[in-house]
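Student: Encoded as C-alpha cells, here's the structure I'll be asking about.
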Amino acid sequence: MCSGRVDLAFILRAFSNGMDGVFIGGCRLKECNYITHGNYHALSNVLLFRKIMEHIGLNPERLRIKFLSSGEGILLVEVINDFCQKVRELGPFGKSEGVDERGLKLNLEAVTQLIPYFKLVEREKLRLPFKSEEEYKEFFASDDLNRLFNELIIDKLAISQILLLLREKPLSTGEISKILYLNPSDVSRHLNSSSRYGLVRYDESRKRFALA
Amino acid sequence: MKNVVTSMDYERLLCATGPYEGEILRASDRKHPHKIAWIQCVGSRRVTPGDNSYCSAVCCTYTQKQVILTKDHDAEAQCTIFHNDIRSYGKDFERFYQRAEILPGIRFIRSYVSIGREIPETKNVTIRYATTGDGVKEEEFELVILSVGLNPPADVKGVAKKFGIELDPHGFCKTNPVNPMETSRPGIFVSGAFQGPADIPESVFSASGASSLCGEFLDYRRGKLTKERVYPQERDVSKEEPRIGVFVCHCGANIGRVVSVPSTVEYALTLPNVVYAQEQLFSCATNSAKEITDMIKEKGLNRVVVAACSPRTLEPLFRDTLREAGINQYFFDMANIREHCSWVHSKEKEDATQKAKDITRLSVARACHLEPLQEIDLPVNKMALVVGGGIAGMTCALSIANQGHEVHLVEKDKDLGGKARRIHYTLEGLDVQAYLRDLVRKVYQHPLIHVYTDAIITEATGYVGNFVTKVKSERGVTEIKHGAAVIAVGADEYKPTEYFYGKDDRVLTLLELEEKIAKGEEKLIHAQSLVMIQCVGCRQEDRNYCSRVCCSQAVKNALKLKEINPRMDIYILYRDMMTYGFSEDYYREASNKEVKFIRYEPQDKPQVEAVKEEGRSVLRVTVTDPILGQNLAIGTDFLALAAAIIPPVGNREISQLFKISLGPDEFFKEAHVKLRPVDFATDGVFLCGIAHYPKHIPEAINQAYAAAGRALTLLSHDIVTVSGSVCEVIENDCVSCGACITACTYGAIEFRETAQGRKAWVNPVICKGDGLCNAVCPTGAVYLKHFTDEDLLSQIDAAVGDG
C-alpha cells in the first residue's frame, strides 16, 4: 500500500471523529517503492485539503505530510514529536479555532459529500508536472491556485452546506447567511442555481427555502 | 581498562537482548556514558605483527550506524570518531556518512591515536590524538570503542584441510579471480566473508551466486527430493460472525520487558468479536504456531490477530499457520507492538502498554472486515531474457543456460563485452581481454544462448513468468516470450568538464590512461611525471556517491607505470583512498614504490593550469598539502582524472519498459539494499553488474551468478503464485472516467467492453497493490482488496479509543 492510497475520506473521517491532528508519512519523493510515484498524489491531496481547512476556519497545520525513508528513525521521531507539540499548542480541534460545533459538523459533512468532486478537480486541475515539494507548495500558495479554488470549490462547498442545512428545516436567505457566515447575495445566487437544478424550492406559504 | 570495549561488544550493548537489555551502560559503574569515542582501523590496515594488512571493509559504515543508534538512545551523547580514510564506497554509504556526520555533538577527526591512561577515580579513559591546526591533544572519554576488523574464521586451517581447499596469504579462502565463489577444489564453493572482508549485500550476492553454481552441477537432480505441501480444505466461514483470536507475543524480552503482555491480553478479550486471547513467549516459534493452529480449531476462530513484530518478516509464516488450520490466509492481521511500540518507548512502560492496546484494538477492528482472498497460480515460461552483454550479462546468461534454460541475450552495441572492452588488466593481474574473449566465445558457442547485437528493446509487456519483449536488432524484429528478465545494462564513464578535459590532450580519464598504457604509448610511458585527481564528478552535490572502483584503478595504473618506468613521478590526489579489502596491500605497495598520495579537501580542489617550466611545456597542478598546510605546485606531463561512473544512457527507458525503479542517483534500485540486492520489487525481474552500482569485475561476477541463481528460483518452477491483495473493479459503479488507468503506471488497468458499456478492468497479475487507483476513483468502483476503504476506515474509527 502506497501513501497515495490515503483517501481524502480517511483524513476527513479522522477529523470528523474529533482527532486534533492527522499525520501522513510517505516514501521520499523520487524514491518510489512502486513505480507509480503516488506520494506526489498524496502531497497534492494534503495541500488541497489544507486549503479547504483554511476555508472552513480550521487551522491547516493540523494536517501534515512528511516524506522519509524507513532508515530515518531519528528523523521520524523528530517529525512526530514536533507535530505532536504543534497540535498540542493548537488545542482541541474546532474549539480553539472558535468554530462552533454545529457549524463544524455541517462543514465536515459538506466536504464529505464533495469528495468525489474533489477527486475530479484534483485530477483535472491540480496534478502537476513538478518534481519537488517546494514547487508544489509554491503552486498551492499562488494566485492561480486561489483563482481555481474560488471558481471550482468555494461555490460547490457553499451549495453543499446550504443543502445540508435545509435538510433540517426550511430557512430564509437571511437565516442561511447568518448561520453559514455567507454573504446574502451569494446565498441567493446559490439558491437560485440550486432551484434551477431542482434541488431546492421556495415554499411560498412559509416564505422559506426547502429541499425539493 | 573496563571502559574500553570492542565494536562487537558495543553492538551487544545496543541490542535489546544484550547485557543491559538495550541500555548503554559502562561496565565499571553501570552508568550511561555521554562522551564516547570510536577508534577506527584497530588491527586492520597495519603491518605490525599480529595485525592485518588489509582493510576490513565494513567498519567505517558500521561505526556510523553505531553512532546513529547511540544518538537514538541518548540524544545528548557526544560522539567522536577517530578515523583514517572514511571508506563510504558502498551503495548509499556516502549519504549514510553524511547523515551521521551532521548529527549534533558528532565529531569525525582524522588522526592516528593512542590510548593514554585510565583515570583511577572515574575510570574514564584518555586518548591522545593530533590534528593539523592544534597539534597533539589528550582528551578524556567515558567509553572507548575499538572498531575491530574481520579475521579469517577460527580454525580456518582445520576447515581448509577438511575440505581440501587452499587459503590465501591472509588466511581467507583462495578463490578463482574470475569466479570468486570457486575454491581451489572443483565442486566446493565459497560465499560470504570467507572470500575476504565483505558487507551484507556482497555476502548475499555470493550466497545466491554459489547456489547458481551448485545448480549448474546438480540441475539434473533438481526437485527430486521435494514434496508438495498439502493443506487441509479451507473452511467456508462466510456465514459466520467474526470470531477473532488474539495472540500477544513477548518476543523474549523485546516486548514483554516494556509492554505488559498479560494486561494487553486481558484488554483484547474486552474487544468486540474477540472470543479468545492468550500470550506467547515467541509467537514465531514452531510450537507457538502449532498452538495458534490448534486454538483456531478448538475455539472455532475465523480471524487471527498476532500482536508481535513487523509483518515484513513474519506475516508469511502466520498466514501459513492459518492455512494449516483450514482458514483462508487473508483472515490474518498483525499488530506491530515491537518496532512501533516497545522498541521505541522502552522508557515509558505504562504509555507503551496503552499504545500496545490501541494498536491491537485497531488490528481487531480491521480483522472484522477482512475477506478471504485467493492467490493466483500462473504458468512459468522457462526462458530468460538478459539485457546487456557485458561481463555481468554474459556471466549470468551462461549460468542460466548451464542449468538448462534458453537465454536471449540482448546487447545494444555491435559487439559483446561492455565496459570491460576498455579494461586491460586488474589490480590482481588478470588479463581482462583474454578472459573476455573466452567469455564471448563461450556465450556464442552455447547452444541455449541466443545473442542479439545492435539491439534495442522497443516494447516489454507481461508479468512474472510470462513476459513478452520486442527486440529490434540486426536479426530484424523479434518477439521474445520469457519467464524472467535480468537487467545488466552497465554504466557509463562521466565526461569531465573539469581540469581542461577535452581541451588539452594531456588530460585523460582513467580508462583512457589505461588504454594508452596497454598500447604502450611512448609519450606516456616515458613521461617524467603524471598526476591523477580522484573523485572527478562524484562525491559532490549533484552526484552524491562514491564511484567505488577509481581509487583501486588509480593504484593499479600507478603500479603498472612504475613497473614500466620506475623513474616516473606519480602523484595521486585523493579525498579518501577507497582501497577497501585486500586492495589495501596494493595501496601500500604503491606508496612504498614512491607513488605520492596527497589528500585534498572537497572545498579546496586542486587547480590546474598549462604553463612552461624551464622550457618544458607542462600542466601545473596546485594542491594544498594537508600536512604542511602549504600550497604545492606539481608540473606534470599528463593528468589523469578519475571520472565518475554514471548511470547508463537509456536507464529511464529501461526502467519504464520493465516497470522497475531507479534510486536517487539513477542507478537501478534493488528490492532491498541488504537482503534482496539482486531482485527488483517487480517480480520476475533481476539485476546485476554496474547498472546496480559501480563495482569491480569480481564483484560484478558474484552478482551475475546471484542474478542467475535468483532467476532459477523462478524458472525452475512450473507455476508462480501472486498476491491476492490486488485491485478489482465493481463494474456497476464504474463511470469509465479513466482516472485509475492514468494513475496506474504499471499498466494493470484497461477498458473493456461489457454489456453495460466500457468499464475499467484490472489485470490482477500485473497489479502490485499500491492502491493509488482506489484513492483516485471518484465513485469507489475500483478497490484494493485487503486494504479496502472499509478496512481502513474501521481502523480510523477505532483509533478514537474506547473512552
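We did not get these values from a lab; they are worked out from the coordinates using the rules stated. This structure is a prediction, so every number in the text was calculated from the model and none was measured. Reconstructed Cβ throughout: ideal geometry from the backbone, glycine too, with neighbour counts over all protein chains shown.
Student: Count, for each residue of A:13-23, the Cβ atoms from other chains sitting within 10 Å of its Cβ, then give me the mean as a whole number.
Tutor: Across the residues of A:13-23, the mean count of other-chain Cβ atoms within 10 Å is 2.
Student: For the peptides A:38-50, A:118-130, B:687-699, what is the packing order when you average, over each peptide's residues, the other Cβ atoms within 10 Å and list the highest mean first?
Tutor: Output ranking for A:38-50, A:118-130, B:687-699: B:687-699, A:38-50, A:118-130.
Student: Count charges around A:Glu61 for me, please; just the other residues with Cβ under 15 Å from its Cβ, Lys/Arg as +1, Asp/Glu as -1.
Tutor: With Lys, Arg at +1 and Asp, Glu at -1, the net is +3.
Student: Quick check: from the Cα gyration tensor, does the range B:4-148 come out rounded (a/c under 1.5), prolate or oblate?
Tutor: Note, shape of the range B:4-148 comes out rounded.
Student: Now a separate question. Roughly speaking, what is the stretch gain from B:Asn732 to B:Glu350, that is 0.36 nm per residue apart minus the C-alpha to C-alpha distance, in nm to one decimal?
Tutor: 132.6 nm
Student: Cross-link list A:Lys137/B:Lys347; B:Lys239/B:Lys299; B:Lys91/B:Lys174; B:Lys442/B:Lys669; A:Lys86/B:Lys31; B:Lys224/B:Lys695: which exceed 28 angstrom alpha carbon to alpha carbon?
Tutor: Pairs exceeding the cut-off: A:Lys137/B:Lys347; B:Lys442/B:Lys669; A:Lys86/B:Lys31; B:Lys224/B:Lys695.
Student: Further question on the same structure: May I ask which residue of B:Ser736, B:Pro698, B:Phe787 lies farthest towards the positive end of the charge dipole of the range B:643-795, with charges of +1 (Lys, Arg) and -1 (Asp, Glu) on Cβ and the Cα centre as origin?
Tutor: B:Pro698
Student: Quickly estimate the mean residue ellipticity at 222 nm for chain B, helices only: each DSSP H run with n ≥ 4 gives -39500 (n - 2.57), and the total goes over all residues, rounded to 500.
Tutor: One gets -8500 deg cm²/dmol as the mean residue ellipticity at 222 nm.
Student: Provide B:Ile36, B:Ile255 in ascending order of the number of other Cβ atoms located within 10 Å of each residue's Cβ, fewest first.
Tutor: Ordered from fewest to most neighbouring Cβ atoms within 10 Å, B:Ile36, B:Ile255 come out as B:Ile36, B:Ile255.
Student: By the scheme Lys and Arg +1, Asp and Glu -1, what is the net charge of all other residues having a beta-carbon under 11 Å from that of A:Leu171?
Tutor: Once positives and negatives cancel, what remains is +3.
Student: Let me ask you something else. Got the relative contact order for the range B:726-784 handy, in percent, Cα pairs under 8 Å and 6 or more residues apart?
Tutor: Computed value for the range B:726-784: 48 percent relative contact order.
Student: Once you have the Cα-Cα distance between B:Glu498 and B:Glu459, take 0.36 nm times their residue separation minus that, and quote the gain in nm to one decimal.
Tutor: Result: 10.2 nm gained on full extension.
Student: Report the Cα centroid-to-centroid distance between the range A:102-124 and the range B:139-157 in angstrom, as an integer.
Tutor: 61 Å
Student: Based on the Cβ-Cβ distance of A:Ser193 and A:Phe23, what FRET efficiency does E = 1/(1 + (r/R0)^6) give at R0 = 41 Å, to the nearest 0.05?
Tutor: That pair, A:Ser193 with A:Phe23, gives E of 0.60.
Student: From Cα pairs below 8 angstrom and at least 6 apart in sequence, can you work out the relative contact order of chain B, rounded to a whole percent?
Tutor: Computed over chain B, the figure is 12 percent.
Student: Could you sort the peptides B:627-634, A:91-98 by per-residue average Cβ neighbour count (10 Å cutoff), highest mean leading?
Tutor: So the order, starting with the most tightly packed, is A:91-98, B:627-634.
Student: Between B:Arg752 and B:Asn84, 0.36 nm times their residue separation minus their Cα-Cα distance comes to what?
Tutor: The B:Arg752-B:Asn84 span can extend by a further 234.1 nm.
Student: Report the rotationally averaged projected area of the protein assembly as shown based on its alpha-carbon convex hull, in square nanometres.
Tutor: Computed as one quarter of the Cα hull surface, the answer is 49.4 nm².
Student: Could I ask something else about it? Give me the distance in nm between label points sitting 7 Å out from Cα along the Cα-to-Cβ direction at B:Glu298 and B:Asp168, one decimal.
Tutor: Taking the simple label geometry, B:Glu298 and B:Asp168 are separated by 5.6 nm.
Student: Let me confirm one metric for peptide B:61-70, namely the mean number of other chain beta-carbon atoms within 10 Å of its residues' beta-carbons.
Tutor: Partner Cβ neighbours, averaged per residue: 1.
Student: Let me ask another. Output the peptides A:1-14, B:715-728, B:465-478 sorted from most to least packed, where packing is the average of other Cβ atoms within 10 Å over each peptide's residues.
Tutor: Going from most to least packed, we get A:1-14, B:715-728, B:465-478.
Student: Next question. Report the FRET efficiency, 1/(1 + (r/R0)^6), for B:Arg46 and A:Leu90, where r is their Cβ-Cβ distance and R0 is 56 Å, rounded to 0.05.
Tutor: Efficiency at R0 = 56 Å is approximately 0.45.
Student: Right, here's the next one. Could you work out the local net charge near A:Ala210, counting Lys and Arg as +1, Asp and Glu as -1, over the other residues with Cβ closer than 14 Å to its Cβ?
Tutor: For residues surrounding A:Ala210, the net value is +2.
Student: If R₀ is 56 angstrom, what is the calculated FRET efficiency for the pair B:Val230 and A:Ser185, using the beta carbon separation as r and rounding to 0.05?
Tutor: Plugging the Cβ-Cβ distance into 1/(1 + (r/R0)^6) gives 0.15.
Student: Also, quick follow-up: Can you put B:Arg221, B:Arg319 in order of Cβ neighbours within 10 angstrom, beginning with the fewest?
Tutor: B:Arg221, B:Arg319
Student: Is the C-alpha gyration tensor of chain B telling us rounded, prolate or oblate? Criteria: a/c under 1.5 is rounded; beyond that, a/b larger than b/c is prolate, otherwise oblate.
Tutor: Since a/c reaches 1.5 but b/c is at least a/b, the shape of chain B is classed as oblate.
Student: Then there's this: Between A:Glu97 and B:Arg128, how many nm apart are label points set 7 Å from Cα along the C-beta direction?
Tutor: Each label point is offset 7 Å from its Cα along the Cβ direction, giving 6.6 nm.
Student: In terms of the Cα gyration tensor, with a ≥ b ≥ c the square roots of its eigenvalues, is the range B:116-274 rounded because a/c is under 1.5, prolate because a/b exceeds b/c, or oblate?
Tutor: Oblate, since a/c reaches 1.5 and b/c is not below a/b.
Student: If I model a spin label at B:Glu375 and B:His73 as a point 7 Å from the Cα along the Cα→Cβ vector, what separation in nanometres do I get?
Tutor: Distance between the two pseudo-spin positions: 3.9 nm.
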